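A short worksheet on the structure shown next.
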Amino acid sequence: MIQKIIRRFFKKKTSAGHDPVILPLRKHGISREHISPCAVKVCDELRAQGFAAFVVGGAVRDLLLGMEPKDYDVATDATPEQVRDVFRRSRIIGRRFRIVHVMCGRETIEVTTFRGPAAPLTGEEEEGDDDNHRQSDSGRLLRDNVFGSQYEDAVRRDFTVNALYYDPTKQEVWDYLHGVADAKHGVLRIIGDAETRFREDPVRMLRAVRLAAKLEFKIDAATKKPIQALADLLQDVPKSRLFDEMLKMFHSGHALASAHRLREEGLHHGLLPLLDAILEQPMGERFITLALKSTDERVREDKPVSPAFLFASLLWHEVLTRWEQYQQQDMRPLPALNEAMDDVIQTQVENLAIPRRFTTTMREIWGMQPRLLQRAGQRPFRLIENPKFRAGFDFLLLRCASGEVDAKVGQWWETFQHASDAERERMLIKDEAPPRKRRRRGKKPESATLPAED
Ligand code: ATP
Ligand code: MG
């Protein structure tokens, strides 16, 4: 009890002069019943122990806009250890800032302690000083793990619409930064000075684009202004974080819109080779548009999407270009394809840290493409047994849809898959039998640039 009183008093003091606008249910329409029962339970139980607890961030924003939140975050004044003590099924994770995962059933709620302001270094710190707020030379925050008041927690978030707090007990929305008005007007506005906030964390520029595309919001002019000039700062960001953000972007159900917005903001150029590849090649544009569109459709229909398939699509025309180049240097088609795949993957792995589990599948999908054009002998029978056949075939369909491959080839494979053995035998196309592999002894003859081999 005494602890409760002390906490209340302390909270009042630290947020003095920064009172939120508190909106009742009839003003925002988010009823407790709309919230994930797990998030409600987490808030209720923390409150029962005398802590403050609110649903926060993207979930409140999405509910306010009538969208279904992807996941739920809860913010509290309890420390991570205190949170963990309240919930049996919970664990502390994270190094940069420790958060608590609380599990109920299959759902996980991320619980974070209110975080304080990210003070810039003065330059006078001694070695070994408190390094909770380290910054790099470009102003990027390397750590920001200091607890703070609820107001401070709101201010260190990225956009005003992401800094709304929902109290499921009273069904109130707490708004410190006019986020509700911005949501109503469809404006994505950074909190504080745009340049400073993007320097602290350049990924916020990508988040701006992704969220604007997802919410169909306008990026506020002052927020937008420094983006082009600061685009290069993305190069300092750890590659794995960039990759995660790209995955979120491409799996948001708004991949195509995001790609267009990235181009508008000048964020695609020269900073992520993958995006250069996507947006700078007229040849591949139709193919990529189709790939992103079909990914968006699948996400919206709640069907699974495979990152490897998507990245294989996004980079296909890079592979095609290099494949062609190697063949022009007199390399035979399959070794040339292998070289081309190596090159493309090498560049992407260096720049974007695409994990190996994805690159292996990407190679399999690409590698299957020339083989899908051979419909004679035992090859088609062997190919449909390949565990990755479905992905390779879907990829072929994209190539057909973009006009790169005759649509009949796609139809042939569709029929072949569902045909009986006898029908399959009849379907084989003799003309496409690849020339027999010639055993070469000694020096490679001039005419060695033959078509496919297996
Ligand atoms: P999504 O719909 O993708 O989940 P989101 O806004 O919820 O969007 P999360 O990555 O789940 O995104 O982040 C949750 C909240 O954490 C955000 O709403 C925002 O308040 C805060 N946040 C996330 N990333 C940053 C960042 N880079 N800088 C400041 N605040 C951030
Ligand atoms: Mg979220």
Subset tally (residues that are in contact (Cβ under 8 Å) with a residue 60 or more places away in the chain and of a type in the set (Gly, Ala, Ser)) for region 238-259: 1
Condition broken by Ala181, with the remaining ones in (1) small (Gly, Ala, Ser); (2) out of contact with any Lys or Arg (no Cβ under 8 Å at 6 or more places or on another chain); (3) surrounded by 24 or more Cβ atoms within 10 Å (Cβ to Cβ) satisfied: (3)
Scan of region 131-161 for residues that are in a loop (DSSP other than H, G, I, E, B), more than 10 Å from ligand 1 (Cβ to nearest atom) and either aromatic (Phe, Trp, Tyr) or modelled with pLDDT under 60 (or both), ordered by number: Asp131, Asn132, His133, Arg134, Leu142, Arg143
In region 183-230, the residues that are without any contact (Cβ under 8 Å) to a residue 60 or more places away in the chain and touching a Gly at 6+ places or on another chain (Cβ under 8 Å): Thr196, Lys214, Glu216, Phe217, Lys218, Ile227, Gln228
Of all residues in region 52-74 being β-branched (Val, Ile, Thr) and touching a Leu at 6+ places or on another chain (Cβ under 8 Å), the one that is farthest from ligand 1 (Cβ to nearest atom): Val74
Residue list for region 75-94, restricted to those being out of contact with any strand residue (DSSP E or B) (no Cβ under 6 Å at 6 or more places or on another chain) and away from ligand 1 (no atom under 16 Å from the Cβ): Asp77, Ala78, Glu81, Gln82, Asp85, Val86, Arg88
Flag if Pro20 is within 16 Å of ligand 1 (Cβ to nearest atom), touching a residue at least 40 places away in the same chain (Cβ under 8 Å) and either exposed (fewer than 14 other Cβ atoms within 10 Å of the Cβ) or over 27 Å from the mean Cα position of the chain (by Cα) (or both): yes
Ala59 of a type in the set (A, V, I, L, M), within 16 Å of ligand 2 (Cβ to nearest atom), touching a helix residue (DSSP H, G or I) at 6+ places or on another chain (Cβ under 8 Å) and modelled with pLDDT of 95 or more: yes
Residue in region 307-319 that is farther than 29 Å from Met249 by Cβ and surrounded by fewer than 20 Cβ atoms within 10 Å (Cβ to Cβ) present: no
Only listed residue being within 16 Å of ligand 2 (Cβ to nearest atom), small (Gly, Ala, Ser) and surrounded by 19 or more Cβ atoms within 10 Å (Cβ to Cβ), chosen from Ala231, Ala213, Ala255: Ala213
Given (1) touching a Ser or Thr at 6+ places or on another chain (Cβ under 7 Å); (2) within 23 Å of Lys27 (Cα to Cα); (3) away from ligand 1 (no atom under 11 Å from the Cβ); (4) of a type outside the set (S, T, N, Q), index of the condition Gly186 fails: (1)
Residue in region 37-53 that is of a type outside the set (Val, Ile, Thr), at pLDDT below 95 and surrounded by 15 or more Cβ atoms within 10 Å (Cβ to Cβ) present: no
Matching option when the condition is within 41 Å of the chain's Cα centre (by Cα), at pLDDT below 90, within 30 Å of Thr289 (Cβ to Cβ) and surrounded by 13 or more Cβ atoms within 10 Å (Cβ to Cβ), among Ala401, Ala452: Ala452
Hits in region 162-208 - residues which are of a type in the set (A, V, I, L, M, F, W, C) and either more than 16 Å from Glu265 (Cβ to Cβ) or part of a loop (DSSP other than H, G, I, E, B) (or both): Ala163, Leu164, Val173, Trp174, Leu177, Val180, Ala181, Ala183, Ile191
Odd one out for Phe217 among (1) modelled with pLDDT under 90; (2) within 16 Å of ligand 1 (Cβ to nearest atom): (1)
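Yes/no matrix, rows are residues, columns are (1) within 29 Å of Asp201 (Cα to Cα); (2) of a type in the set (A, V, I, L, M, F, W, C); (3) out of contact with any helix residue (DSSP H, G or I) (no Cβ under 8 Å at 6 or more places or on another chain):
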residue: Glu68; (1), (2), (3): yes, no, no
residue: Ala78; (1), (2), (3): yes, yes, no
residue: Asp85; (1), (2), (3): no, no, yes
residue: Gly94; (1), (2), (3): yes, no, yes
Close pairs from region 49-62: first under 15 Å from Arg115 (Cβ atoms), partner within 14 Å of ligand 2 (Cβ to nearest atom) and assigned to a helix (DSSP H, G or I), Cβ under 7 Å, at least 6 apart: Gly57/Asn162
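The values are calculated or read from the model by the stated rules, or taken from the named source; none is laboratory data. This structure is a prediction, so every number in the text was calculated from the model and none was measured. Note: ideal-geometry Cβ built from the backbone for every residue, glycine included; neighbour counts use all protein chains shown.
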